[in-house]
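The values are calculated or read from the model by the stated rules, or taken from the named source; none is laboratory data. This one's a predicted model, so the numbers in the text were calculated from it and none came from an experiment. Because the Cβ atoms are built from the backbone with ideal geometry, glycine has one as well, and the counts that use them run over all protein chains shown.
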Amino acid sequence: MADNEDNNESNESNESKETSETATAPEVAAQAPGAQFALQRIYLKDSSFESPRSPEVFQGKWEPKIHFDIKTRSSKVQDDSYEVILVLTAEAKLDDQSAFLVEVHQAGIFSCKDFDEAQLEQVLSTVCPNILFPYAREAIDSLVIKGSFPALMLAPINFDALYAQQKKAQAEQAAAGENGNGAAVDEAASATTQ
């Protein structure tokens, strides 16, 4: 009987934890009185998988170098509705030759009402990609597995940190531009693993 009470208390605390997380997301909305944020739709906009060296690639030992790129873009669809597209690209190379290349364009339509320009930019660059990433990760793994390769199991991405890095790079570029030295800012994040 005591076990049931403990389980009920545990379940209640988990339920209240889930409710409070849902009620406070996104944090940016809390900073803007009256701001409203809602997910309208998530969909796979585009996907591709190439394995140019099949079936030879399956003959040797599987120790690839994985290169991973991520990009986001957004556009206004209607009043207060925005499409955000998260583009994930992963390439596995063996001996500097491509074993496979997979790319997914995971998209969503989000309603963002009563945000100022800076807050809207932050929501579209951080909150929306955070929502889309699990879907894109699953689509990547599904395509890779269907190609008869092991799942990539991509680690979570801190879009807030990427956004902060991008803003810092833009500020540095603006400061360098004032001095007559300008360099392009790459808005894509990239990583290579072994």
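Structure summary
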quantity: Condition check for residue 92: over 15 Å from the mean Cα position of the chain (by Cα), more than 24 Å from residue 37 (Cβ to Cβ), aliphatic (A, V, I, L, M) and at pLDDT below 95; calculated: no
quantity: Flag if residue 53 is assigned to a loop (DSSP other than H, G, I, E, B) and either in contact (Cβ under 8 Å) with a residue 40 or more places away in the chain or among the β-branched types (Val, Ile, Thr) (or both); calculated: yes
quantity: Pair list, Cβ < 9 Å and 6+ apart or interchain, from segment 166-190 residues that are modelled with pLDDT of 85 or more to residues that are of a type in the set (Ser, Thr, Tyr) and assigned to a helix (DSSP H, G or I); calculated: 166/125
quantity: Number of the exception - residue 127 against (1) at pLDDT 95 or above; (2) closer than 19 Å to residue 58 by Cα; calculated: (2)
quantity: Any hit, segment 129-152, residues being more than 27 Å from residue 65 (Cα to Cα), crowded, with 16+ Cβ neighbours inside 10 Å and among the charged types (D, E, K, R); calculated: no
quantity: In segment 57-82, the residues that are more than 24 Å from the chain's Cα centre (by Cα) and either surrounded by 12 or more Cβ atoms within 10 Å (Cβ to Cβ) or part of a strand (DSSP E or B) (or both); calculated: 57, 58
quantity: The lone exception for residue 44 - which of (1) loosely packed, with under 12 Cβ neighbours inside 10 Å; (2) modelled with pLDDT of 90 or more it fails; calculated: (1)
quantity: Selection from segment 36-92 of residues that are within 12 Å of residue 104 (Cα to Cα) and hydroxyl-bearing (Ser, Thr, Tyr); calculated: 43, 47, 48, 72, 89
quantity: Unmet requirement for residue 88, which otherwise passes all of (1) outside any strand (DSSP E or B); (2) out of contact with any Pro (no Cβ under 6 Å at 6 or more places or on another chain); calculated: (1)
quantity: Residue match in segment 133-141 (condition: on the phi < 0 side of the Ramachandran plot, modelled with pLDDT of 95 or more, in contact with an Asp or Glu (Cβ under 9 Å, 6 or more places away or on another chain) and not aliphatic (A, V, I, L, M)); calculated: no
quantity: Hits in segment 117-137 (condition: touching a residue at least 60 places away in the same chain (Cβ under 8 Å), closer than 17 Å to residue 167 by Cβ and hydrophobic (A, V, I, L, M, F, W, C)); calculated: 123, 127
